[in-house]
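Okay, here's the structure, questions in a sec.
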Protein chains: 2
Amino acid sequence: MLSFEKIFDKIKIAIEELDFSRQPVELYAPIEYTLSLGGKRIRPVLCLMACDMFGGQIEDAVPAALGLEIFHNFTLLHDDIMDEAPIRRGKTSVYKKWNTNVAILSGDTMMAVAYDKIMETPGNMHSSVFKIFNQTAIEVCEGQQYDMNFETDDNVSIDDYLKMIRLKTAVLLAGSLKIGAIIGGADNESAENLYQFGENIGIAFQLKDDLLDVFSDEQKFGKKTGGDITTNKKTYLYLKAFELAKGKTLKNLNTLFTEYQKSDIDKVNGVIEIYKQLNIKQLAEELIEKYYRQAMTSLDKVKVDNSQKTELKKFADKLKGRES
Amino acid sequence: MLSFEKIFDKIKIAIEELDFSRQPVELYAPIEYTLSLGGKRIRPVLCLMACDMFGGQIEDAVPAALGLEIFHNFTLLHDDIMDEAPIRRGKTSVYKKWNTNVAILSGDTMMAVAYDKIMETPGNMHSSVFKIFNQTAIEVCEGQQYDMNFETDDNVSIDDYLKMIRLKTAVLLAGSLKIGAIIGGADNESAENLYQFGENIGIAFQLKDDLLDVFSDEQKFGKKTGGDITTNKKTYLYLKAFELAKGKTLKNLNTLFTEYQKSDIDKVNGVIEIYKQLNIKQLAEELIEKYYRQAMTSLDKVKVDNSQKTELKKFADKLKGRES
């Protein structure tokens with residue numbers, strides 16, 4: 001079994017080898033820029049790990065892994081326009097560095113390039129790989145739409161939120177694993193169990209992200225802490241707090257989120273204070289643990305020797321324990 | 001051979017049968033709206049005609065034809081954001097009716113749906129169909145980027161312009177024909193010749209569009225005449241006029257396009273007056289005729305009986321002679 005480090009290096013090199021020195025430069029420079037910003041490369045790593053787990057040639061899964069990473073970066077490019085996010089991975093986002101039109105069109109092109117890579121999957125596997133990829137692509141768009149809907153919806157439930165993050169984030173991790181598994185020669189049941197593993201890990205991953213946004217060391221996290229609070233984002237923490245808060249606490253929470261605050265820092269600190277009173281951090285950690293355990297149950301069902309699952313388990317542990 | 005009318009009806013029904021009654025409705029309603037706006041359905045018609053020409057089962061080409069039409073409509077959705085075009089086919093465009101974010105995301109979803117349809121192509125043809133489709137998709141994005149670049153580029157040549165419209169418009173017509181031909185069982189050479197036919201007809205089609213924008217009956221054209229003049233669009237007419245104008249005429253042309261005009265109507269009428277002096281309409285018609293003849297030369301080389309080419313020829317004539 002290849003180690004995480006070996007797999008990560010393989011992906012890193014494959015991404016560096018992508019050649020976007022094409023015309024018109026205005027279209028391809030933002031693509032090159034986006035892919036050069038780095039990131040955890042979680043999706044392609046999962047894809048190659050899954051392939052390796054079933055004893056497949058990981059070279060066969062590299063094109064699909066690249067397609068998944070390019071697709072993910074395309075969604076970031078368009079999401080940053082929609083969310084008006086000026087910063088991505090600590091650098092200026094494409095729509096801010098160039099403009100909205102460039103970000104739209106470079107994103108569209110990235111999507112087509114992603115499909116190209118997916119279809120480079122050798123043998124007769126590209127059809128089934130394509131099907132999973134395309135269903136995932138559509139679900140990711142649905143997730144982003146729910147996310148936008150929630151901004152103006154005052155009746156979002158925790159279940160709604162979990163459904164949204166499943167679509168927006170988890171299915172792409174799950175799809176990456178299933179695609180890798182299929183290329184690696186997995187039986188259908190194991191591929192499906194790996195998908196379930198990915199979905200649960202994906203939800204845990206996003207919940208962890210929400211948690212880190214509020215309770216983390218800004219230096220390590222690389223983003224400003226409390227961004228979700230400043231923008232009134234209806235995360236699990238927000239929704240759980242409103243569910244539990246009563247009386248004066250509820251009134252304070254409402255005031256902090258709906259009325260003008262002297263400064264963002266006051267707002268963030270005020271909300272964090274209430275989150276602490278309501279034990280929100282621990283509740284979120286318990287929910288993460290629940291999804292993590294469900295993921296492990298699915299992984300247990302995958303029909304390969306336990307020794308083949310070590311790297312994936314380590315990777316999942318790392319995602320759960322991460323501080324950035 | 002099936003008549004144009006029969007083929008058009010088949011496409012019309014297939015589009016009506018597409019089911020977008022899915023959740024979230026905010027994502028799918030704009031897709032349904034866009035596809036219900038009608039249009040000439042040129043790309044799917046060409047795809048089915050090409051399939052039929054080689055004696056293929058046109059049912060086999062219907063999914064790809066739908067994919068091509070959905071892809072085309074996706075480009076319109078994103079183009080309307082980029083061009084800030086409030087009207088599409090006489091109705092409010094998606095980004096105006098909803099908002100930019102909805103238009104971006106519904107467009108992205110349409111692109112994924114288009115790929116889904118392309119991959120529904122039966123048998124073992126979906127791989128080669130996919131390859132043509134995807135190359136075309138990327139080229140269309142490149143064409144749109146050149147189009148945007150030209151807005152701020154003062155050194156656009158007529159050759160640059162022809163290259164841009166080849167990418168932005170012609171390759172999708174060409175690709176539609178080639179995809180239909182392949183599904184219909186064409187030999188490679190004939191499929192390629194049909195592609196060339198499509199490219200030339202496509203360039204002629206766009207030049208005709210430019211001509212109609214300036215010299216047409218507004219009622220029949222369905223758009224405001226002179227829109228390209230109002231927005232200083234560097235069409236063939238514009239570029240040719242600047243190439244030919246000398247002395248006072250050149251000065252007047254420059255003034256009309258670069259200095260403040262009392263009203264759009266004065267500007268449009270002033271430019272049309274100069275176009276008439278410079279014989280631009282006839283020159284454009286000659287260029288259209290040139291591309292039309294080149295298209296016919298390619299069509300002649302396609303190895304099927306001439307009787308099989310009648311409908312396609314009639315369709316090309318119709319596009320050339322159209323008044324809207």
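Go through segment B:149-190 residue by residue and tally those that are under 22 Å from the mean Cα position of the chain (by Cα), farther than 14 Å from B:D52 by Cβ and not in a loop (DSSP other than H, G, I, E, B).
Number satisfying all stated conditions: 22.
Take the residues of segment B:128-154 that are within 7 Å of chain A (Cβ to nearest Cβ) and not hydrophobic (A, V, I, L, M, F, W, C): which is farthest from A:N124 (Cα to Cα)? Give the steps one after another, and end with the answer.
Kept after step one, since they are within 7 Å of chain A (Cβ to nearest Cβ), are these residues of segment B:128-154: B:130, B:134, B:137-138, B:141-142, B:144-146, B:148-149.
Right, trim to not hydrophobic (A, V, I, L, M, F, W, C) and you get B:134, B:142, B:144-146, B:149.
Values: B:N134: 19, B:E142: 30, B:Q144: 34, B:Q145: 35, B:Y146: 37, B:N149: 41 Å.
Among those that are within 7 Å of chain A (Cβ to nearest Cβ) and not hydrophobic (A, V, I, L, M, F, W, C), it is B:N149.
In this structure, does B:L48 turn out to be hydrophobic (A, V, I, L, M, F, W, C), touching a residue at least 12 places away in the same chain (Cβ under 8 Å) and either in contact with a helix residue (DSSP H, G or I) (Cβ under 6 Å, 6 or more places away or on another chain) or buried (at least 22 other Cβ atoms within 10 Å of the Cβ) (or both)? First the steps, then the outcome.
On the way: hydrophobic (A, V, I, L, M, F, W, C): yes; touching a residue at least 12 places away in the same chain (Cβ under 8 Å): yes; either in contact with a helix residue (DSSP H, G or I) (Cβ under 6 Å, 6 or more places away or on another chain) or buried (at least 22 other Cβ atoms within 10 Å of the Cβ) (or both): yes.
The answer is yes for B:L48.
Among the candidates A:Q196, A:Q206, A:Q135, single out the residue that is assigned to a helix (DSSP H, G or I) and over 23 Å from A:K318 (Cβ atoms). Please lay out each step first, then the result.
Working: A:Q196 fails: over 23 Å from A:K318 (Cβ atoms); A:Q206 fails: over 23 Å from A:K318 (Cβ atoms).
Only one candidate passes the filter, namely A:Q135.
Go through B:G123, B:G90, B:G175 for me and flag whichever is more than 9 Å from chain A (Cβ to nearest Cβ) and more than 30 Å from B:A204 (Cβ to Cβ). Can you show your working first?
On the way: B:G90 fails: more than 30 Å from B:A204 (Cβ to Cβ); B:G175 fails: more than 30 Å from B:A204 (Cβ to Cβ).
Within the list B:G123, B:G90, B:G175, the selection yields B:G123.
Follow-up question, since we're still on this one. Assuming A:H78 fulfils every condition listed in (1) within 11 Å of another protein chain (Cβ to nearest Cβ); (2) under 17 Å from A:P63 (Cα atoms) apart from one, which condition is it?
(2)
Next question, about the same structure. Could you count how many residues in segment B:288-303 are more than 17 Å from B:K318 (Cα to Cα) and touching a helix residue (DSSP H, G or I) at 6+ places or on another chain (Cβ under 6 Å)?
Number satisfying all stated conditions: 4.
Test of understanding: among A:K234, A:K309, which residue is surrounded by 14 or more Cβ atoms within 10 Å (Cβ to Cβ) and either closer than 26 Å to A:Y146 by Cα or hydrophobic (A, V, I, L, M, F, W, C) (or both)? Quick ask: steps written out before the conclusion?
Details: A:K309 fails: either closer than 26 Å to A:Y146 by Cα or hydrophobic (A, V, I, L, M, F, W, C) (or both).
Only one candidate qualifies: A:K234.
Give the residue, chosen from A:K309, A:K301, A:K290, that is within 20 Å of A:L194 (Cβ to Cβ), modelled with pLDDT of 95 or more and touching a Leu at 6+ places or on another chain (Cβ under 7 Å).
A:K309
Could you pull out every one of the helices (runs of 4 or more DSSP H) wholly within segment B:211-250 that has 2 or more residues that are at pLDDT below 95?
On the way: elements: B:218-221, B:227-230, B:236-244.
Of the helices (runs of 4 or more DSSP H) lying wholly inside segment B:211-250, those with at least 2 residues that are at pLDDT below 95 span B:218-221, B:227-230.
In the set A:V45, A:V102, A:V113, A:V62, which member is under 18 Å from the mean Cα position of the chain (by Cα) and either over 22 Å from B:E139 (Cα atoms) or within 10 Å of chain B (Cβ to nearest Cβ) (or both)?
On the way: A:V102 fails: under 18 Å from the mean Cα position of the chain (by Cα); A:V113 fails: under 18 Å from the mean Cα position of the chain (by Cα); A:V62 fails: under 18 Å from the mean Cα position of the chain (by Cα).
Only one candidate qualifies: A:V45.
Next question. If A:A85 satisfies every condition in (1) surrounded by 21 or more Cβ atoms within 10 Å (Cβ to Cβ); (2) more than 30 Å from A:L299 (Cβ to Cβ); (3) within 14 Å of chain B (Cβ to nearest Cβ); (4) touching a Ser or Thr at 6+ places or on another chain (Cβ under 9 Å) but one, which is the exception?
A:A85 satisfies all of (1) surrounded by 21 or more Cβ atoms within 10 Å (Cβ to Cβ); (2) more than 30 Å from A:L299 (Cβ to Cβ); (3) within 14 Å of chain B (Cβ to nearest Cβ); (4) touching a Ser or Thr at 6+ places or on another chain (Cβ under 9 Å) except (1).
Continuing with this model, one more query. Can you find a residue that is surrounded by fewer than 21 Cβ atoms within 10 Å (Cβ to Cβ), over 25 Å from B:L66 (Cβ atoms), in contact (Cβ under 8 Å) with a residue 24 or more places away in the chain and out of contact with any Cys (no Cβ under 7 Å at 6 or more places or on another chain) anywhere in segment B:171-186? Break it down into steps so the answer makes sense when it comes.
Of segment B:171-186, the ones surrounded by fewer than 21 Cβ atoms within 10 Å (Cβ to Cβ) are B:185.
Subset that is over 25 Å from B:L66 (Cβ atoms): none.
No, segment B:171-186 has no match at all.
Residue check, B:S36 against (1) polar (S, T, N, Q); (2) over 24 Å from B:A103 (Cα atoms); (3) free of Cβ contacts under 8 Å to residues at least 12 places away in the same chain, all met but one. Which one?
(2)
The values are calculated or read from the model by the stated rules, or taken from the named source; none is laboratory data. The structure presented is a predicted model; accordingly, all values stated were derived computationally and were not measured. Note: ideal-geometry Cβ built from the backbone for every residue, glycine included; neighbour counts use all protein chains shown.
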